[in-house]
Amino acid sequence: MQLEATNRFLDPAVLAGISSLDLVAKTVVDGFLAGLHRSPDFGFSQEFAEYRAYSPGDDLRQVDWNVFARTERPYLKRYRGETNTAVMVLLDASASMGFGSTAVKKFDYARYLAAALVYMAHLQRDSTGLIVFHDDVAKVLQPSARQGQLMRLLHGINEAQLGKRTDFKRPFFDLQRILKRRGITVLISDFFEAPETIVKTVEPLRFRGNELILFHILDPAELAPKLSSPALFVDMETDDAIETSPDYVGGDYRHKIEAHIEDLRSKAEAAGIDYFFLRTDRPLDEGLREYFTIRRGRL
Amino acid sequence: MGFLSPWFLAGIAAVGIPLWLHLLRQYKRTPQPFSSLMFFERRVQSSVRHRRLKYLLLLALRCTFLALLALAFANPFVNRTSTSAPRRKLTIIAVDRSFSMRYGDHMQKAKLRAQEVASGLKSRDMAQVFAVDSHVEALTPPEFNKGVIEAAIEAIQPGDQASSFGEFVRALRVMDQENNTRFDVHFISDMQQSSMPPGFRDLQMGPHTALTLYPVASSNAPNWAVESVNTSAHVYDPNRTRLTATIAGWQTEAATRKVSLMLDSKAVASKDVTIPANGRAQVEFLSFEVPYGAHRGELRLEPPDQLPNDDIFRFSVERSDPKKVLFLYSAGRAQGSFYYKAAMESSSDTGLLVQPAPIEQATTIDLTKFAFVVLDDPGEMDSAAAQAVCNYISRGGAALIALGRDSGRLGKVPLAGDRVAGKLEAQGAARFDPGEPALRGAGQFDNVQFSQAVSVLPKSGVRVIARLADGSPLLLEEHMGEGRVLIFTSALDTSTSDFPLHSSFVPFVVQTGHYLAGFEENPPSVVTGTTIALRRARDQGTAADVIGPDGRHELALNEASKAMNFALLRDGFYEVQRADRRRLLVAAHADRRESDLRTVPPETLVLWRNTGNESAAAESVGEQKQTRPRSLWRYVMLLVLAAAIAESLFARRYLKEERQTA
């Protein structure tokens with residue numbers, strides 16, 4: 001039984017073998033939706049807003065069959081987000097995101113996550129946008145629910161290139177100007193920065209009724225590096241080198257990274273920001289399912 | 001302790017290499033990219049300490065290895081003081097008994113001087129008497145009894161061999177090296193110049209040997225001698241007998257001497273010959289009568305001088321009818337016998353008559369009446385005929401087997417059994433050793449073209465005398481029992497070569513004929529010391545016999561049945577009966593270099609004497625303390641080896657660990 005439960009989710013290495021990002025997104029979203037009792041209420045914007053008359057091409061799953069039974073006319077159930085929610089995905093493309101000790105690097109994992117999120121938002125007809133940033137804003141796709149937006153977003157995610165280093169302050173200053181519309185902002189990053197700085201930088205995004213979600217992506221080797229002899233580590237962003245020993249990595253480092261995660265989590269929650277941690281060796285659909293389950297419960 | 005090559009100690013500086021590698025050098029590791037170093041702290045000290053602890057033993061081994069290696073090259077030594085027991089002293093009285101000591105009263109003088117040396121010995125002195133000619137013979141063991149020494153000296157008689165000072169010194173050097181003894185050598189000799197070795201280094205005495213020389217001859221002793229006689233040992237036609245002799249004089253005035261030719265002690269002819277001062281003269285005797293049988297010839301120079309033994313030159317001569325050679329040919333192929341017979345008869349006085357016969361008649365002919373048998377391309381022989389020829393050869397006979405086309409098809413050499421590899425293409429003969437007894441004087445086979453030859457793979461023990469241009473054997477010699485066989489890998493007719501048409505065919509036929517007939521084994525005279533073969537096969541049980549110049553049997557009973565050779569050591573005639581029943585009369589004469597009595601210059605004798613250690617002759621003293629350096633480099637090299645092995649083992653273990661962690 002345990003085996004079946006494990007195999008039900010998609011190994012990130014399998015996703016890495018799929019070249020098409022839209023197929024990856026579809027596979028992930030379909031995967032975690034199939035693992036649940038399929039519900040159209042499952043998404044970013046779950047608050048009911050209104051009914052809309054069915055028109056050809058609409059998803060039959062969104063038809064409210066109770067209303068159809070009473071009125072013999074098909075109506076679609078519309079949620080709040082479908083009308084006035086903009087989902088903005090912020091993808092960190094700093095050099096540190098290029099690290100990976102498994103088949104999937106952090107940046108790949110982040111791209112799969114971003115693709116899955118925009119795909120899901122597209123299914124809900126949310127207006128979706130994308131911002132790729134590192135020490136500067138590299139790419140901006142304004143939120144839109146127009147036809148072809150999904151392909152543009154996926155293309156933007158696919159074409160995203162790693163930059164040099166992360167600097168939250170500068171891109172987020174620009175983002176505040178870009179994100180004028182109220183909505184949900186998803187920030188995907190490895191957050192190698194002091195938690196106070198991160199929260200202080202991103203906190204303004206939720207002041208105007210925005211909802212902010214932090215997806216924290218880390219590689220297993222970043223959580224517990226395996227060393228049997230002294231090693232020389234080079235920072236992928238700054239090129240600084242440092243020699244360290246196995247005893248430090250096995251002790252102090254682990255405590256520090258765990259404390260960092262916990263600190264970020266607590267500070268984010270204290271600031272009313274959603275925080276979700278993901279390891280790159282964890283199946284993405286499993287992680288998304290867990291997150292949305294928690295989110296629905298919270299709502 | 002010291003060092004023989006201290007400069008090599010500078011190599012110890014190489015110890016710095018492992019020190020640098022292990023401790024000082026920045027440990028170069030392949031940088032590993034990491035996402036962020038914000039949670040890392042520099043822990044360099046910890047890692048270096050880790051390396052130090054881990055490789056300390058390896059570092060120590062490497063430093064030890066290099067230091068020991070430099071030490072080994074510096075060649076350390078320690079001075080060892082050893083107390084050695086004094087070498088005991090042995091007085092050696094050596095007397096020259098070579099042929100030249102027969103001159104006048106040289107031997108009496110030598111004995112007198114030797115007795116004087118012996119009388120000077122004290123009762124505690126140990127002495128030994130040696131007799132020296134071409135070899136060194138100890139006449140007594142080391143002896144304290146002066147009477148034994150004096151008796152041994154008195155018993156020394158002059159011999160007929162040449163003396164060799166080089167051989168004498170070599171024997172003394174061996175004794176010097178192998179015995180813990182000081183040698184006080186007294187050498188009494190006529191000090192002939194001709195006895196000196198080619199190089200003065202061969203006269204170097206050992207470090208514990210003192211030499212005293214006693215010349216007994218004057219430097220200008222005159223002497224005449226019959227230096228050489230040249231005649232044939234076999235006479236077939238008395239009208240063709242010829243003898244030439246050389247009469248030589250050393251330090252002599254011009255003189256006319258009478259030279260007499262004697263056979264069996266009877267004067268046959270005599271001539272007067274005038275010998276120039278300090279020179280040589282030739283004398284010739286022609287057509288002298290030689291009766292049938294073997295005879296003892298002498299050429300005497302009269303009147304005798306102070307060395308009468310070299311005034312007589314002894315030689316043997318034998319008168320007989322020519323020996324017959326049986327030429328066996330295959331039916332209808334007598335061409336080879338024609339060429340062979342013509343070649344044999346074209347040379348004068350060969351002493352061999354060729355009798356051709358078909359090979360089938362081998363069983364009906366008494367082969368023992370023939371000097372040897374020629375088989376020309378016998379092919380596959382009738383078994384009875386083959387057996388008859390084999391029996392004849394193994395009992396002391398001889399055969400020449402020529403291989404033509406029929407024999408080539410057999411796959412093996414008839415009678416001999418050597419394997420045949422096939423046929424060879426047209427080619428000439430390679431050059432061969434002109435000193436080969438079977439081909440001596442035959443010349444080279446220039447321009448001879450062998451259109452076809454049989455490729456023979458010789459058995460072990462078979463000697464290849466001549467080869468073809470491609471290296472294949474052309475003429476081989478093989479022993480069968482007491483007999484011998486020559487195998488010629490081409491036919492004796494013109495079917496396989498043009499050899500019978502060339503002038504070199506005649507000397508080839510004559511010389512191989514003489515060789516097979518045994519003429520080479522019976523020269524008219526040999527120098528004393530020459531050995532003659534008594535048998536060819538070691539396992540042949542037939543007894544041989546040698547009767548010496550004094551008429552006594554020279555071989556003991558066990559020697560007669562086993563001895564392979566016999567050395568002719570005395571001047572005179574030896575009657576030899578070999579194991580193959582052949583009888584020889586051999587004349588031996590002393591080496592005529594002994595007739596030249598010129599002596600070694602006194603200054604050279606002084607130099608020779610000084611090569612010895614005069615202190616060796618001194619009386620023995622108490623215990624001697626000697627300080628000798630003892631080299632330690634062997635032991636250091638053993639330590640180097642041990643360090644290298646240990647380093648290899650530890651380094652292998654560490655490398656294995658590193659590979660696993662990498």
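The values are calculated or read from the model by the stated rules, or taken from the named source; none is laboratory data. Nothing here was measured: the structure is a model prediction, and the numbers come from that model. Ideal geometry is used to build each Cβ from the backbone, glycine not excepted, and the neighbour counts take in all protein chains shown.
The helices (runs of 4 or more DSSP H) falling completely within region B:95-187 that include 2 or more residues that are in contact with a Gly (Cβ under 8 Å, 6 or more places away or on another chain) map to B:165-178. Only a single criterion out of (1) assigned to a strand (DSSP E or B); (2) surrounded by fewer than 21 Cβ atoms within 10 Å (Cβ to Cβ) is not satisfied by B:Val485, namely (2).
Here's the yes/no breakdown for (1) hydrophobic (A, V, I, L, M, F, W, C); (2) within 17 Å of the chain's Cα centre (by Cα); (3) assigned by TED's automatic domain parsing to the domain that holds A:Lys106:
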position	(1), (2), (3)
A:Asn158	no, yes, yes
A:Gly183	no, yes, yes
A:Glu193	no, no, yes
A:Ile257	yes, no, yes
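If the condition is being of a type outside the set (S, T, N, Q) and assigned to a strand (DSSP E or B), then region B:564-581 contributes B:Phe566, B:Ala567, B:Gly572, B:Phe573, B:Tyr574, B:Glu575, B:Val576. State whether the residues of region A:62-84 include one that is closer than 27 Å to A:Leu23 by Cβ, in contact (Cβ under 8 Å) with a residue 40 or more places away in the chain, touching a strand residue (DSSP E or B) at 6+ places or on another chain (Cβ under 9 Å) and part of a loop (DSSP other than H, G, I, E, B). No, the conditions are met nowhere in region A:62-84. Does region A:131-141 contain any residue that is assigned by TED's automatic domain parsing to the domain that holds A:Lys267, in a helix (DSSP H, G or I) and either of a type in the set (D, E, K, R) or in contact (Cβ under 8 Å) with a residue 40 or more places away in the chain (or both)? Checked against the condition, which is being assigned by TED's automatic domain parsing to the domain that holds A:Lys267, in a helix (DSSP H, G or I) and either of a type in the set (D, E, K, R) or in contact (Cβ under 8 Å) with a residue 40 or more places away in the chain (or both), region A:131-141 yields no hits at all. The single condition among (1) within 24 Å of B:Leu568 (Cα to Cα); (2) over 32 Å from the mean Cα position of the chain (by Cα) that B:Gly166 does not meet is (2).
Is it the case that some residue within region B:402-421 is surrounded by fewer than 21 Cβ atoms within 10 Å (Cβ to Cβ) and among the polar types (S, T, N, Q)? No, the conditions are met nowhere in region B:402-421.
Taking first residues from region B:246-273 that are under 18 Å from B:Pro222 (Cα atoms) and in contact (Cβ under 8 Å) with a residue 60 or more places away in the chain and partners that are of a type outside the set (A, V, I, L, M) and assigned to a strand (DSSP E or B), the Cβ contacts under 6 Å between residues at least 6 apart in sequence or on separate chains come to B:Ala248/B:Glu227; B:Ala248/B:Arg280; B:Trp250/B:Asn223. In summary, strands (runs of 3 or more DSSP E) completely within region B:389-464 and bearing 3 or more residues that are without any contact (Cβ under 8 Å) to a residue 60 or more places away in the chain occur at B:419-424, B:453-457. Outside the structural domain of B:Ala399 (by TED's automatic domain parsing) and over 26 Å from the mean Cα position of the chain (by Cα): is that true of B:Asp550 in this structure? In short, yes. Scanning region A:59-77 for residues that are of a type outside the set (A, V, I, L, M), out of contact with any helix residue (DSSP H, G or I) (no Cβ under 8 Å at 6 or more places or on another chain) and either surrounded by 15 or more Cβ atoms within 10 Å (Cβ to Cβ) or modelled with pLDDT of 80 or more (or both) turns up A:Gln62, A:Asp64, A:Trp65, A:Asn66, A:Phe68, A:Arg70, A:Thr71, A:Glu72.
Would you call A:Ala145 crowded, with 20+ Cβ neighbours inside 10 Å, assigned by TED's automatic domain parsing to the domain that holds A:Val234 and under 30 Å from A:Leu76 (Cβ atoms)? For A:Ala145, the condition - crowded, with 20+ Cβ neighbours inside 10 Å, assigned by TED's automatic domain parsing to the domain that holds A:Val234 and under 30 Å from A:Leu76 (Cβ atoms) - is not met. For residues that are surrounded by 15 or more Cβ atoms within 10 Å (Cβ to Cβ) and modelled with pLDDT under 75, scanning just region A:177-193, find the one that is farthest from the other protein chains (Cβ to nearest Cβ). This residue is A:Arg181. Here B:Asp591 meets the list (1) assigned by TED's automatic domain parsing to the domain that holds B:Ala544; (2) in contact (Cβ under 8 Å) with a residue 60 or more places away in the chain; (3) of a type outside the set (Phe, Trp, Tyr); (4) closer than 25 Å to B:Ser232 by Cβ almost entirely, failing just condition (1). Set side by side, the residues A:Ala116, A:Ala121, A:Ala93 differ, and just one is within 28 Å of A:Val202 (Cβ to Cβ), within 14 Å of chain B (Cβ to nearest Cβ) and aliphatic (A, V, I, L, M), which is A:Ala93. Among the residues of region A:258-299, those identified as within 14 Å of chain B (Cβ to nearest Cβ) and either surrounded by 18 or more Cβ atoms within 10 Å (Cβ to Cβ) or farther than 26 Å from A:Phe107 by Cβ (or both) are A:His260, A:Leu264, A:Thr280. It is to be established whether one or more residues within region B:253-262 are exposed (fewer than 13 other Cβ atoms within 10 Å of the Cβ), hydrophobic (A, V, I, L, M, F, W, C) and either touching a strand residue (DSSP E or B) at 6+ places or on another chain (Cβ under 6 Å) or in a loop (DSSP other than H, G, I, E, B) (or both). Yes.
Pick from region A:227-248 the residues that are touching a residue at least 12 places away in the same chain (Cβ under 8 Å) and more than 8 Å from chain B (Cβ to nearest Cβ): which of them is surrounded by the fewest Cβ atoms within 10 Å (Cβ to Cβ)? That would be A:Leu227.
This table checks each residue for (1) within 21 Å of B:Val606 (Cβ to Cβ); (2) surrounded by fewer than 16 Cβ atoms within 10 Å (Cβ to Cβ).
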residue: B:Gln157; (1), (2): no, yes
residue: B:Asp160; (1), (2): no, no
residue: B:Ser163; (1), (2): yes, no
residue: B:Val169; (1), (2): yes, no
residue: B:Leu172; (1), (2): yes, no
residue: B:Glu178; (1), (2): no, yes
residue: B:Arg182; (1), (2): no, no
residue: B:Ser189; (1), (2): yes, no
residue: B:Gln192; (1), (2): yes, no
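At least 2 residues being in contact with an Asp or Glu (Cβ under 8 Å, 6 or more places away or on another chain) and closer than 29 Å to A:Gly129 by Cα is the threshold, and among the strands (runs of 3 or more DSSP E) wholly inside region A:188-269 those reaching it are A:211-218.
Residue check: B:Ile149 meets all listed conditions (1) under 14 Å from B:Phe187 (Cβ atoms); (2) crowded, with 23+ Cβ neighbours inside 10 Å but one, namely (1). Each residue in region B:178-206 was checked for being over 25 Å from the mean Cα position of the chain (by Cα), more than 18 Å from B:Arg88 (Cβ to Cβ) and of a type in the set (S, T, N, Q), and 1 pass. Would you say B:Arg170 is among the charged types (D, E, K, R) and at pLDDT below 90? Here the answer is no, as B:Arg170 does not meet what is asked.
Filtering B:Glu154, B:Glu167 for residues that are of a type outside the set (Lys, Arg) and either in contact with a helix residue (DSSP H, G or I) (Cβ under 7 Å, 6 or more places away or on another chain) or within 20 Å of B:Leu307 (Cβ to Cβ) (or both) leaves a single hit, B:Glu154.
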